[in-house]
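Worksheet for the structure shown next.
The values are calculated or read from the model by the stated rules, or taken from the named source; none is laboratory data. Fair warning: this is a prediction, and the values are worked out from it, not measured in the lab. Reconstructed Cβ throughout: ideal geometry from the backbone, glycine too, with neighbour counts over all protein chains shown.
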Amino acid sequence: MDFSWLSDPFYQQYLWTGFVNTLWLVAVSGTLGLALAVALALAQIQGPRPLAMLVRGFTTVIRGTPLLVQLFFFYDGVGRLLPEIPGVRDSLIWPLLRDPFFYGALTFTISVGAYTGEVIRGALLSVPDGELAAGRAFGLSHWQILHRLWLPRALQLCLPTLTGEAILLLKSVPLVSTIAMMDLLKAANLVRDETFLVYEPLLLIAGIYIALTLILTGVMRLIEHRFPGARPAATRRRRLLPG
Amino acid sequence: MSSYQNAGLLDWAAPILHGALVTLEIALLAYAIGLALGLLGAGTRLSAWPPLRALGTLYSTLVRAVPELLLIILLYYAGTQALNALLNALGDDTHVEIGGFVCAVGVLAFVQGAYMTEVFRGAILAIPRGQLEAADAYGFTRWTRFHRIVVPAMLPNALPGMSNLWLILVKDTALISVVGFEELFFTAQQAAASTRDYFVFYAAAGALYLVMTLGSNALFARAERHVRRGQPGL
């Protein structure tokens with residue numbers, strides 16, 4: 001094991017850029033994805049039938065195809081067609097449309113929206129009717145019931161599942177290294193190409209990911225605890241095999 | 001223009017369908033091995049002997065904390081080297097080159113086993129204790145208890161998780177294309193690059209994956225009805 005390359009500021013720069021980009025991508029697509037998820041869930045529960053069916057189909061397609069294929073579809077497939085639309089090259093958003101980060105964030109936002117949308121839909125449906133009826137009895141408006149009662153209760157119910165989704169998002173970030181975005185894996189691959197070390201850079205970022213997963217789990221657990229009225233997860237364990 | 005595109009898609013139809021077949025083969029084999037690894041893993045995690053329990057926990061925790069793509073790249077290179085080192089240590093000087101297929105299956109099965117460990121562990125823990133005690137009271141051997149009581153009783157609990165993992169596995173096979181193994185998505189990438197028709201070929205690849213996942217959803221729904229037979233409806 002040779003980790004002497006770590007002292008080279010050049011490689012440190014690679015890794016730092018990759019690290020920052022990784023976190024940035026998780027933050028952007030996590031936030032936008034959660035917002036999309038709530039919208040998709042509400043569209044399925046309360047939207048008009050055609051819209052609900054459209055969202056249902058969209059969710060099925062996204063959840064039924066590999067994320068890597070979606071990433072290439074948006075980056076290479078859609079991304080190469082965009083310049084053919086007249087006027088796009090001169091528009092203000094053109095620099096954004098050339099940036100791999102944009103396609104990474106777009107793909108991950110859609111993916112988080114589809115997967116988490118199902119989680120939130122289930123949670124919204126499992127909020128007891130009586131609580132919403134109580135809101136109506138107090139004369140709350142439709143919007144007030146949604147953002148004061150229904151949504152907070154649903155999020156509280158599905159927080160542990162959201163933790164899992166957040167970790168899945170973090171672990172899908174290395175995929176963007178395939179569309180030439182500088183994430184941790186891309187950084188490691190550059191180091192590997194230049195130092196001819198096969199394993200060390202990969203093992204290092206594996207370690208970073210394990211640490212990030214632990215930190216993310218800790219942060220989410222903190223949020224779970226701070227959430228008003230959250231029930232502590234059952235932690236009782238029993239051993240059965242072999243009896 | 002459009003006739004040229006159609007010709008492109010038709011020319012590539014056979015290789016892409018063959019790629020889809022390879023993808024299915026990899027997924028099925030890796031799933032079978034993953035199931036076995038998962039049962040072993042759950043066995044070690046529930047073992048009464050602390051070192052064995054620690055080993056099982058280490059396996060499932062570490063593998064699940066590292067991104068699949070990273071693991072696949074790491075194990076892809078490490079697998080060949082480890083096998084050669086092992087053969088050399090055994091006094092065999094031949095240098096073996098593991099085929100991409102074996103490597104792909106091995107890597108995916110190793111990852112799958114870690115997730116399967118957790119599914120089986122949860123499902124086994126959910127079996128009412130009395131059922132296992134009843135088996136013991138009847139003097140069942142451990143093997144009889146395992147395959148007559150534990151497996152049938154845990155399957156209804158495990159099947160939703162198993163079906164989820166199968167879907168994840170089918171989608172994860174696409175990651176193998178990153179290390180240059182010719183499965184469905186790698187073939188689609190080649191087709192897209194040679195015809196410059198990225199949109200069409202990536203959409204086609206996506207559609208094929210969708211057919212596979214939707215098809216297996218139907219199969220798993222049937223399997224779930226079967227293992228839940230005799231249980232009150234949910």
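Against the list (1) within 14 Å of another protein chain (Cβ to nearest Cβ); (2) within 20 Å of residue B:161 (Cβ to Cβ), the condition residue B:35 fails is (1). Within the range A:1-43, the residues that satisfy the criterion of being touching a residue at least 40 places away in the same chain (Cβ under 8 Å) and surrounded by fewer than 12 Cβ atoms within 10 Å (Cβ to Cβ) are A:1, A:2, A:3. Residue B:14 falls short on exactly one of the conditions (1) among the small types (Gly, Ala, Ser); (2) loosely packed, with under 13 Cβ neighbours inside 10 Å; (3) more than 30 Å from residue B:189 (Cβ to Cβ), and that condition is (3). Selection of first residues in the range A:106-117 that are among the acidic types (Asp, Glu) and of second residues that are part of a helix (DSSP H, G or I), restricted to Cβ pairs under 9 Å at least 6 apart or on distinct chains, gives an empty result.
Residues are listed down the side, and each one gets a yes or a no for (1) part of a helix (DSSP H, G or I); (2) surrounded by fewer than 16 Cβ atoms within 10 Å (Cβ to Cβ); (3) of a type in the set (A, V, I, L, M, F, W, C); (4) within 11 Å of another protein chain (Cβ to nearest Cβ):
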position: B:55; (1), (2), (3), (4): yes, yes, yes, no
position: B:63; (1), (2), (3), (4): yes, no, yes, yes
position: B:117; (1), (2), (3), (4): yes, no, no, no
position: B:124; (1), (2), (3), (4): yes, no, yes, yes
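Would the range B:203-211 turn up any residue that is assigned to a helix (DSSP H, G or I) and over 30 Å from residue B:99 (Cα atoms)? Looking for residues that are assigned to a helix (DSSP H, G or I) and over 30 Å from residue B:99 (Cα atoms), one finds none in the range B:203-211, hence no.
Is at least one residue of the range A:66-86 surrounded by fewer than 21 Cβ atoms within 10 Å (Cβ to Cβ), more than 14 Å from every other protein chain (Cβ to nearest Cβ) and not polar (S, T, N, Q)? There is at least one residue in the range A:66-86 that is surrounded by fewer than 21 Cβ atoms within 10 Å (Cβ to Cβ), more than 14 Å from every other protein chain (Cβ to nearest Cβ) and not polar (S, T, N, Q). Exactly one residue out of B:170, B:179 is surrounded by 17 or more Cβ atoms within 10 Å (Cβ to Cβ), more than 10 Å from chain A (Cβ to nearest Cβ) and not charged (D, E, K, R): that is B:179. Could you count how many residues in the range B:182-202 are over 20 Å from the mean Cα position of the chain (by Cα) and either surrounded by fewer than 15 Cβ atoms within 10 Å (Cβ to Cβ) or part of a loop (DSSP other than H, G, I, E, B) (or both)? Number of matching residues: 4. Every condition in (1) among the polar types (S, T, N, Q); (2) within 26 Å of residue A:22 (Cβ to Cβ); (3) modelled with pLDDT under 85 is met by residue A:195 except one, and the failing one is (3). The lone criterion from (1) within 29 Å of residue A:175 (Cα to Cα); (2) within 13 Å of chain A (Cβ to nearest Cβ); (3) touching a Phe, Trp or Tyr at 6+ places or on another chain (Cβ under 9 Å); (4) modelled with pLDDT of 90 or more left unmet by residue B:44 is number (1). I'm trying to understand the selection: among the residues of the range A:166-207, which are crowded, with 17+ Cβ neighbours inside 10 Å, closer than 16 Å to residue B:74 by Cα and more than 9 Å from chain B (Cβ to nearest Cβ)? Of everything in the range A:166-207, those that are crowded, with 17+ Cβ neighbours inside 10 Å, closer than 16 Å to residue B:74 by Cα and more than 9 Å from chain B (Cβ to nearest Cβ) turn out to be A:186, A:187, A:190, A:191, A:192, A:197, A:200, A:201, A:204.
Restricted to the range A:44-65, and to residues there that are within 14 Å of another protein chain (Cβ to nearest Cβ) and in contact with a Leu (Cβ under 7 Å, 6 or more places away or on another chain), the residue that is surrounded by the most Cβ atoms within 10 Å (Cβ to Cβ) is A:65. For the range B:212-234, the set of residues classified as aliphatic (A, V, I, L, M), part of a helix (DSSP H, G or I) and away from chain A (no Cβ under 12 Å) consists of B:218, B:219, B:221, B:223, B:227, listed by residue number. Reported count of residues in the range A:157-199, each being farther than 18 Å from residue A:112 by Cβ and part of a helix (DSSP H, G or I), is 15.
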